[in-house]
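The values are calculated or read from the model by the stated rules, or taken from the named source; none is laboratory data. Source: prediction; values computed, not measured. Note: ideal-geometry Cβ built from the backbone for every residue, glycine included; neighbour counts use all protein chains shown. Ligands, DNA and RNA are excluded from the accessible area calculation, which covers all protein heavy atoms including side chains. Shrake-Rupley method; radii C 1.70, N 1.55, O 1.52, S 1.80 Å.
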Amino acid sequence: MRWFVRVFRRLAVLLAAVATLHAVVVVPAAFARPGESVAAAPTTLRILSFNIWFEGTAVPDGLDYVVETIRMTGANVVLLSEAGAATPAIAEALSTPEQPYYAAASDDAGIVSAFPIIDEADLPYAKKAVLDVHGREVATYSAHLYYRNYATYLPRGYGGGVDEPSEFAQYGWDKLPDGPVLDVDKILQVNADSGRTEVISHIVADAALERAKRRTVFLGGDFNEPPADDWTAATGSLFDHQGLTIPWQTTAFLRDAGYVDAYRATYPNPVTHPGFTWPSDNPDKDVSELTWAPEADERDRIDYVFHRSASGVKLVSAGVVGPRSTIVRNERVVEDTNDNFLPIPEHWPSDHKAVLATYRLAGSPPPP
């Protein structure tokens with residue numbers, strides 16, 4: 001009788017183990033039965049947002065250094081600004097027999113990917129590419145927004161290239177004769193007149209259609225506008241913010257739409273980790289070619305990587321890619337912040353710094 005009990009108990013343990021295995025085993029897609037759910041293998045995405053400055057031609061051999069930068073970061077998705085015809089050339093230079101790269105190009109924004117591109121589209125001021133990431137479809141958007149009506153210069157005492165019929169249009173990019181503009185409503189109106197928030201709203205609407213197809217969404221680029229999360233009371237006395245708290249509309253719109261700013265989510269404190277991407281120092285260029293407001297501290301974070309919050313999308317890390325030095329009041333200055341600066345080539349090809357965000361995609365795509 002005791003022998004029978006022992007055998008019965010062992011059999012029960014064995015059956016329980018088999019049941020547990022059945023519960024955790026992921027069925028490969030090739031062997032899945034119709035209607036059976038399939039979990040995608042975890043994948044790491046390293047997304048680089050990079051303004052390459054006149055298609056990589058602003059410095060000698062600049063395109064070679066663009067390619068070297070991408071290789072050094074290990075980026076497998078690159079959101080390019082000022083890329084134009086250089087986009088396919090970058091993909092070709094990165095490609096190897098073991099790992100081809102794919103390109104989706106426009107006359108400005110472009111996308112280079114180590115994953116096959118299964119669909120692409122041109123949007124105003126942006127390029128979209130849908131990637132096949134090991135069976136999971138990922139919609140990526142690279143945006144290079146309107147550079148004029150650069151309202152962040154107004155509180156710094158410069159015109160910002162404001163368009164007619166604004167009262168500031170007469171000053172172009174020059175220093176304002178009456179000094180910094182301190183009226184937040186006027187600053188925000190100039191910013192709204194740029195159309196940047198409207199462009200992003202169209203991208204978000206397009207991305208909603210992609211999400212309805214169970215596609216994961218990432219968005220980045222050079223927005224030519226600082227983040228609402230960086231112009232706060234904490235930074236009011238810094239960086240020529242003139243004590244102002246300004247809820248810049250474009251990033252505020254994205255935040256309210258459920259998009260996460262990778263750098264600020266990783267480093268929430270804009271004082272210790274401002275993450276400036278503009279202007280970047282570039283030792284191969286004269287300072288006069290790197291600053292547009294020479295008597296001001298014009299540093300801002302205007303280059304981004306965002307993701308739309310979704311199940312299975314985990315932000316792992318973020319960093320600034322570019323020289324630690326910058327330009328402040330027409331002089332080269334080394335940043336004394338705690339920002340996470342990543343290694344770069346000997347020669348830097350841009351007047352912007354880039355942003356790298358690393359993500360982990362796990363599990364099945366989110367439900368529509």
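For the reader, a short list of remarks on this structure follows.
- Global form of region 109-238, assessed from the alpha-carbon gyration tensor, a/c cut-off 1.5: prolate
- Whole-Hz ³J(HN,Hα) from phi, Karplus 6.51 cos²θ - 1.76 cosθ + 1.60, for region 247-261, glycine and proline x: x, 3, 6, 5, 6, 5, 4, 4, 4, 5, 8, x, 9, 10, 6
- Here the chain has 56 percent of its accessible surface on carbon and sulfur atoms, given a 1.4 Å probe and all protein chains in place.
- In a fully extended conformation the segment linking R332 and E295 would gain 12.0 nm over its present Cα-Cα distance, using 0.36 nm per residue.
- Note that region 329-342 has calculated 3J(HN,Hα) couplings of 6, 6, 10, 6, 9, 8, 5, 10, 8, 9, 4, 8, 8, 9 Hz, one per residue in order, obtained from phi through the Karplus relation 6.51 cos²θ - 1.76 cosθ + 1.60 (θ = phi - 60°); glycine and proline are x.
- Based on the reciprocal of the average 1/r between different C-alpha atoms, the Kirkwood radius for region 276-318 equals 13.3 Å.
- Beta bridges per DSSP, both residues in region 87-225: antiparallel share near 70 percent.
- For the set K314, K186, the ranking by accessible area, highest first and with no ligand, DNA or RNA atoms included, is K314, K186 under a 1.4 Å probe.
- Cα long-axis angle, helix 184-193 against the chain (0 to 90 degrees, to the nearest 10): 70 degrees
- Ratio of the Cα radius of gyration of the chain to 2.2 N^0.38 Å, where N counts its residues: 1.15
- Rolling a 1.4 angstrom probe over the protein heavy atoms with all chains in place gives region 308-364 an accessible area of 41 Å² per residue.
- Nearest-ten-degree value, helix 62-73 long axis tilted from longest Cα axis of the chain: 40 degrees
- For R136, distant residues with modelled amide H under 5 Å away: none
- A simple spin-label model places pseudo-atoms 7 Å from Cα toward Cβ; at S311 and K175 they are separated by 5.9 nm.
- Normalised per residue, the accessible area of region 193-271 is 37 Å², obtained with a 1.4 Å probe and no contribution from ligands, DNA or RNA.
- Using R0 = 30 Å, the C-beta based FRET efficiency linking S325 and K213 works out to 0.10.
- Angle between the chain longest axis and helix 2-24 axis [Cα atoms, degrees, rounded to 10]: 30 degrees
- Built amide H within the under 5 Å cut-off of V316, gap 5+: T358, Y359, R360
- Cβ crowding within 10 Å averaged over residues, with 170-182, 274-286 ranked highest first: 274-286, 170-182
- When Rg and the Kirkwood radius Rh are both evaluated on Cα atoms of region 36-186, their ratio Rg/Rh stands at 1.12.
- Amide proton proximity set for S95, modelled H, under 5 Å, gap of 5+: Y101
- Convex hull of Cα atoms in region 260-368, direction-averaged projection (nm²): 7.9 nm²
- Placing a label point 7 Å from the Cα of M72 along the Cα-to-Cβ direction, the residues of region 341-357 whose backbone N falls under 12 Å of that point are 341-350, 354.
- With each label modelled as a point 7 angstrom along the Cα→C-beta vector, the L123-H347 pair spans 3.5 nm.
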